[in-house]
Number of protein chains: 2
Amino acid sequence: MAPTNKDVARRAGVSIATVSRVVNQLPNVRPALRRRVLRAVKELNYEPSRTAQRLRVKRSHVLGVIVSDIQNPFFTSVVRGIEDTAYQHGYSLVLCNSDEDTAKEKLYIDVMRAEGVAGLIVAPTRQTNTHLRALLQQHIPVVAIDRVLHGKHLDNVMVDNVEGARQAVIHLLELGHRRIGMVSTRFISTGTERQQGYLNAFQERGLRADRRLIALGAPKPESGYACTRELLNREPRPTAIFVANNMMLVGALSAIREAGLRAPHEISIVGFDDLPWAPLLEPPLTTIAQPTYELGKCAVELALKRIASPDRAAEQVRLKTGLIVRGSTGAPKMGAA
Amino acid sequence: MAPTNKDVARRAGVSIATVSRVVNQLPNVRPALRRRVLRAVKELNYEPSRTAQRLRVKRSHVLGVIVSDIQNPFFTSVVRGIEDTAYQHGYSLVLCNSDEDTAKEKLYIDVMRAEGVAGLIVAPTRQTNTHLRALLQQHIPVVAIDRVLHGKHLDNVMVDNVEGARQAVIHLLELGHRRIGMVSTRFISTGTERQQGYLNAFQERGLRADRRLIALGAPKPESGYACTRELLNREPRPTAIFVANNMMLVGALSAIREAGLRAPHEISIVGFDDLPWAPLLEPPLTTIAQPTYELGKCAVELALKRIASPDRAAEQVRLKTGLIVRGSTGAPKMGAA
DNA sequence: AAGGGGTTTGAAATCGTTTACAATGTCCGC
DNA sequence: GCGGACATTGTAAACGATTTCAAACCCCTT
């Protein structure tokens, strides 16, 4: 149905080789012929089949992207960065949503391999790279985003989670809080690192952190709700809560509201990752901002760099976070702590 | 680098035709051979190249998706529905973000054609289908989502915007509001339809709508902010505002907050499209919910139906919206109206 | 006018599949 | 033991591009 090489050649009265030369802007084609071919191309609305191109030249100009939650604004923004950068370099995107499901992730990795992607950008569900082995064996570049993944030739882009969490907790400590609850994720490297930042902050100020105030769950609103309720039921109740995952934040806020607590007077709240609606909350949310767009952009750049030189040493990029103080944090009510 | 047909054939000591037969589960292969081939497949970790497959059989099992704003939670949720449904049917997704930019959209449509997608799902930036003509000529199914697009064999899935807007405005009218501002989009069919719903509601109740209370702009927060400010400066000020686009809502809420107005006592607010954080606002937002996931699912199903029978009459599906009453709407303060 | 360099063009091979067709093998009834 | 039906296997031709190689052509020098 779609016009091919051959159709154009016939119409222009030349061979397919000449068509290819004209389309690919190679030299040594007489201007007269070139014009005839270009006219035929236009008339037929010809676009070379990328499928055929891919089969012939081995480069594919497609990047695979597997995110763990396409509805998470964090990943959405990262994908935006990936998309912009990829298309700027002439790459298309094949997108998958693993939905935090390792089986789905494995399936999609095989899809990517069969698709012959030039590179894969993945937010891994687990910290093992076994599923990715086949890709790496075939020297298909893999870039892990947001979450750590170790491996030879396996690049990483992440934010500095330890430092980000440290900033959040230091902020609360400086306001005078001592019983600081933390809601975080289990099994995911970002969660682990942020917990480390929490502990570091206490240690840095010569204080003892209470590990029982760290509640762990899945990166889902319901889980955030459950974790927060659990923390609110502790005696004595924490005067501040650091919700270190933006999906869990939604549930956490519900739980806090349900408990009838008002920020910042009765409880202080800090989130992780800025969101378009964070300033709209009442009070506006204090949070740790992540350079999401840059993260996506950087991931593409790493992938392209590795496509260009496959044997570079694995690179790990850490992007900086920043504390944004809004209205949801304040000094603890005396007597409550 | 990746193992091929031939590698498997050599290892199993058979011809490539037999490999193909085994992999594609065709009959008439002796069990002994079948086993040998399967073993070789496993040992080499062989996956048939989709590129080569596509070139040979003309079906491609790739759906193109062009959304106008990948960061809009509405589209995110739609994409989620598309993704789930597509992969369930063995299709992969090539995703693009037109960013409400017609030039980019055109570029991506050509990309899709070159990619040889089996179908395209698009949230069109404009109401013309000229860019899509080449696709339709080649009998590549096109499904327009969210926004109307007319054309032979061109399917549509949308929500019932007229009815949705009507529900919103009737709700406000019943609360006693008469001066109801509307913030909506220009040039986009959803905006136009929702404006129609606004007018219908007034007419239905035998009231005259004041068209000067409809402020139009682009589907962006900044534009929502500007439109809302404009409305708030009217004399007398509207007692309620219906923000008929979720991107504009973010800006609208900022403007309202900035003006020092509190919902629902000083002003009532209704949004369009439910969002995960809508219940978390203070007060929680009254809004028109859209079946976003179903919309994506339905789009894929329409595409697949048209792939199966290309000459069906164009189908237009309208999904139902629903009013969700939360705290941001109430009776107008008497004397203000 | 013949030879030689450089440019322009086309024929044909190739990428990894699927698939039509031909060639073999197997099994059965006579 | 032989022919025929049927199952099994392999050979070779597509698909639509790129790319190598050689043929054809042009122009200039001798």
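Values for this structure:
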| read-out | value |
| --- | --- |
| Residue among B:Arg257, B:Arg262 that alone is without any contact (Cβ under 8 Å) to a residue 40 or more places away in the chain, within 11 Å of another protein chain (Cβ to nearest Cβ), part of a loop (DSSP other than H, G, I, E, B) and within 25 Å of B:Gly176 (Cα to Cα) | B:Arg262 |
| Residue selected from region B:285-303 under the condition among the hydrophobic types (A, V, I, L, M, F, W, C) and assigned to a strand (DSSP E or B), by the criterion least open to solvent (accessible area, probe 1.4 Å) | B:Ile288 |
| Among (1) over 25 Å from A:Asp273 (Cβ atoms); (2) open to solvent by less than 10 Å² (accessible area, probe 1.4 Å) - the single one A:Leu136 does not satisfy | (2) |
| Among (1) charged (D, E, K, R); (2) in a helix (DSSP H, G or I); (3) near DNA strand C (Cβ under 9 Å from one of its atoms), the one test that B:Glu43 misses | (3) |
| Residue under evaluation B:Gln53, criteria (1) farther than 23 Å from A:Asn97 by Cβ; (2) away from chain A (no Cβ under 12 Å), criterion not met | (2) |
| Selection within region A:1-15 - in a loop (DSSP other than H, G, I, E, B) and either crowded, with 18+ Cβ neighbours inside 10 Å or in contact with a Leu (Cβ under 7 Å, 6 or more places away or on another chain) (or both) | A:Ala2, A:Pro3, A:Val14 |
| Residue list for region B:81-105, restricted to those being crowded, with 22+ Cβ neighbours inside 10 Å and in contact (Cβ under 8 Å) with a residue 60 or more places away in the chain | B:Ile82, B:Glu83, B:Ala86 |
| Selected residue (criterion: surrounded by the most Cβ atoms within 10 Å (Cβ to Cβ)) from residues of region B:110-133 that are over 24 Å from B:Gln53 (Cβ atoms) and within 13 Å of another protein chain (Cβ to nearest Cβ) | B:Leu132 |
| Region B:16-42: number of residues that are surrounded by 13 or more Cβ atoms within 10 Å (Cβ to Cβ) and of a type outside the set (Lys, Arg) | 12 |
| Yes/no for A:Arg306 being more than 15 Å from A:Phe242 (Cα to Cα), in the same structural domain as A:Gly81 (by TED's automatic domain parsing), in a loop (DSSP other than H, G, I, E, B) and basic (Lys, Arg) | no |
| Some residue of region A:185-196 being at pLDDT 95 or above, within 16 Å of the chain's Cα centre (by Cα) and not assigned by TED's automatic domain parsing to the domain that holds A:Asn233 | no |
| Selection count where residues are open to solvent by less than 40 Å² (accessible area, probe 1.4 Å) and either in contact with an Asp or Glu (Cβ under 7 Å, 6 or more places away or on another chain) or within 13 Å of chain B (Cβ to nearest Cβ) (or both), scope region A:229-254 | 9 |
| B:Gly13, sole failed condition from (1) more than 30 Å from B:Met158 (Cβ to Cβ); (2) more than 14 Å from DNA strand C (Cβ to nearest atom); (3) in contact with a helix residue (DSSP H, G or I) (Cβ under 6 Å, 6 or more places away or on another chain) | (3) |
| For A:Asn200: the one exception among (1) open to solvent by 40 Å² or more (accessible area, probe 1.4 Å); (2) assigned by TED's automatic domain parsing to the domain that holds A:Gln127 | (2) |
| Flag if A:Arg59 is open to solvent by 10 Å² or more (accessible area, probe 1.4 Å), away from every other protein chain (no Cβ under 11 Å) and more than 17 Å from A:Val19 (Cα to Cα) | yes |
| Given (1) over 26 Å from A:Gly271 (Cβ atoms); (2) out of contact with any Leu (no Cβ under 8 Å at 6 or more places or on another chain), index of the condition A:Ser98 fails | (1) |
| Residues of region A:88-111 classified as part of a helix (DSSP H, G or I) and closer than 24 Å to B:Leu107 by Cα, total | 1 |
| Residue in region B:1-34 that is farthest from B:Pro48 (Cα to Cα), counting only those that are among the polar types (S, T, N, Q) and more than 9 Å from DNA strand D (Cβ to nearest atom) | B:Gln25 |
| Exclusive hit being crowded, with 22+ Cβ neighbours inside 10 Å and more than 12 Å from every other protein chain (Cβ to nearest Cβ), set A:Val159, A:Val78 | A:Val159 |
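One line per residue, one yes/no per condition, for (1) more than 12 Å from chain A (Cβ to nearest Cβ); (2) under 30 Å from B:Ala144 (Cβ atoms); (3) part of a helix (DSSP H, G or I):
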| position | (1), (2), (3) |
| --- | --- |
| B:Gln25 | yes, no, no |
| B:Arg34 | yes, no, yes |
| B:Asp69 | no, yes, no |
| B:Glu83 | no, yes, yes |
| B:Ala86 | no, yes, yes |
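The values are calculated or read from the model by the stated rules, or taken from the named source; none is laboratory data. What you see is a predicted model, and the numbers here were worked out from it, not measured in a lab. Neighbour counts run over all protein chains shown; Cβ positions are idealised from the backbone, glycine included. With ligands, DNA and RNA removed, areas are computed over all heavy atoms of the protein, side chains included. Shrake-Rupley method; radii C 1.70, N 1.55, O 1.52, S 1.80 Å.
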